[in-house]
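Notes for the one structure printed next.
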Amino acid sequence: MRNAVGSLLALVVFAGLALVPSPALASTRCGRIAVHGYRGTAKVRIVSGHASCSGARGLIGDAFRAFITRPHQGFDNTYGEYWYVRGYWRCSHGLGGSQAFCFSGRRRIDGSFRSDDGWSF
């Protein structure tokens, strides 16, 4: 009986730890970046995958500049218009160009000029 209770407790603890997101799965806040042609500063976050914050800020700056300086390069049903940025990142904008969503494989980096997006930084 004592062994069964111990095993059950270990199983519950293991299951609980398995549900806690690891740092690699949680998004990373990368601060803000000013983008020429926009007012204010955009918040930047790494949503998934490996990237440095300095690289993420540069990517989001390049994405917002692409949105206002060149025509889009395609369209998909989920994210709408998209631009290729830095060769292999596919970036789309949202909410009147105030947000950027960039994907490369399993990596995703987002940017936002909005104050009502729920990002608290």
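The values are calculated or read from the model by the stated rules, or taken from the named source; none is laboratory data. If you're wondering where the values come from, they're calculated on a predicted model, not measured in any experiment. Cβ coordinates were reconstructed from backbone atoms using ideal geometry, including for glycine residues, and neighbour counts include every protein chain displayed. Just the protein is used for accessible areas: all its heavy atoms, side chains included, with ligands, DNA and RNA removed. Shrake-Rupley method; radii C 1.70, N 1.55, O 1.52, S 1.80 Å.
Accessible surface of residue 101 in the full protein assembly, 1.4 angstrom probe, to the nearest 10 Å²?
Near enough 40 Å² of accessible area.
Quick check: Cα centre of segment 75-121 to Cα centre of segment 22-74, how many Å?
8
Would you tally the net charge around residue 65, using a Cβ to Cβ cut-off of less than 14 Å, leaving residue 65 out, and scoring K and R as +1, D and E as -1?
+2
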